Amino acid sequence: AQSVTQLDSHVSVSEGTPVLLRCNYSSSYSPSLFWYVQHPNKGLQLLLKYTSAATLVKGINGFEAEFKKSETSFHLTKPSAHMSDAAEYFCVVSPSGGYNKLIFGAGTRLAVHP
Amino acid sequence: DARVTQTPRHKVTEMGQEVTMRCQPILGHNTVFWYRQTMMQGLELLAYFRNRAPLDDSGMPKDRFSAEMPDATLATLKIQPSEPRDSAVYFCASGTGQSSYNEQFFGPGTRLTVL
């Protein structure tokens, strides 16, 4: 069975400092992995996705994630946090052959302080 | 700019009433998903459709929830009768369903409050 574990339920950073949101996955096959962001009272928006083409994936708003098969990780990073990055972030795995059904992590709430 | 639309955005109702939520997927998308989000349970998949046929509705309480796609441009989620524990935000998402590489596109959600 495929699953994702987001290692931190809350992360707090200061504006201008790096962001690291951690995600580990469990998969029998080479997975498709995504990061989605949800701003308060909004729907979910795709940040980036990994589909085996390149292990370092760049997304919107300066975010990127690195797929590490040996560590079964797909951590999300950003060099410098902005106040507008405050949101909830979901790491997601898509089982192959699953008609793009998604399996969501529990989410990490990112707070950015001035 | 193609988007998934959902109506209503907010619904307040009393226990026992029927609630119908509607979703218009992105034109050309053949998979549609219904999710429920609560503080306690997070995001839960309720049901999903491919080419209007239900593929999996195991996440839905069968006695009170029903999901349908009357046509390719409309998906509905009904709760009858509604209960306070149904209070949540309900999201619809659509995708092309061709492979696991394809992301889902989410609507803005319907915030349901059952009193």
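The values are calculated or read from the model by the stated rules, or taken from the named source; none is laboratory data. The model shown is predicted, which means the values in this text are computed figures rather than measured ones. Quick reminder, even Gly has a Cβ in these numbers, built from the backbone with ideal geometry, and neighbours come from all protein chains shown. All accessible areas refer to the heavy atoms of the entire protein, side chains included, with ligands and DNA or RNA removed. Shrake-Rupley method; radii C 1.70, N 1.55, O 1.52, S 1.80 Å.
Values for this structure:
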{"item": "For A:41-47, mean number of other protein chain Cβ atoms within 10 Å", "result": "6"}
{"item": "Relative contact order for chain A, counting Cα pairs under 8 Å that sit 6 or more residues apart, in percent", "result": "37 percent"}
{"item": "Cα gyration tensor shape for region B:22-115, rounded if a/c is under 1.5, else prolate or oblate", "result": "prolate"}
{"item": "Pairs of Cα atoms farther than 18 Å apart, chain A, %", "result": "45 percent"}
{"item": "Solvent-accessible surface (1.4 angstrom probe) belonging to B:MET15, in square angstrom, nearest 10", "result": "120 Å²"}
{"item": "Complex-versus-alone comparison for region B:19-51, residues with a loss of 20 Å² or more in accessible area, probe 1.4 Å", "result": "B:PHE33, B:TYR35, B:GLN37, B:LEU43, B:LEU45, B:TYR48, B:ARG50"}
{"item": "Rounded percent of accessible protein surface that carbon and sulfur make up, chain B, 1.4 Å probe", "result": "49 percent"}
{"item": "Accessible solvent surface per residue of chain B, calculated while the other protein chains remain in place, 1.4 angstrom probe, Å²", "result": "51 Å²"}
{"item": "Heavy atoms of A:HIS82 accessible to a 1.4 Å probe, total area in Å² rounded to 10", "result": "100 Å²"}
{"item": "When each of A:LYS58/A:LYS101; A:LYS78/A:LYS101; B:LYS11/B:LYS62; A:LYS78/B:LYS78 is checked by Cα-Cα distance, pairs over 29 Å", "result": "A:LYS78/B:LYS78"}
{"item": "Candidate residues A:THR72, A:THR108: accessible-area rank, largest first, probe 1.4 Å", "result": "A:THR72, A:THR108"}
{"item": "Accessible area, probe 1.4 Å, largest first, for residues B:ARG3, B:ARG64, A:ARG22", "result": "B:ARG3, A:ARG22, B:ARG64"}
{"item": "Assigned charges on the beta-carbon of Lys, Arg, Asp, Glu; chain A dipole about Cα centre (debye)", "result": "260 debye"}
{"item": "Average partner coverage of B:54-61, which counts Cβ from other chains inside 10 Å", "result": "1"}
{"item": "Drop in accessible area of at least 50 Å² in the complex versus isolated chain, residues of region B:101-115, 1.4 Å probe", "result": "B:TYR101, B:GLU103, B:GLN104, B:PHE106"}
{"item": "Separation in nanometres of the label points that stand 7 Å from Cα toward Cβ, at B:SER58 and A:ASN61", "result": "3.3 nm"}
{"item": "Furthest towards positive pole of dipole, B:GLY107, B:ALA72, B:HIS10, structure part the protein assembly as shown, Cβ charges", "result": "B:ALA72"}
{"item": "Karplus-derived HN-Hα couplings along region A:11-28 (A = 6.51, B = -1.76, C = 1.60, θ = phi - 60°), whole Hz, x at Gly and Pro", "result": "10, 10, 9, 8, 4, x, 9, x, 10, 9, 10, 9, 8, 10, 10, 10, 7, 7"}
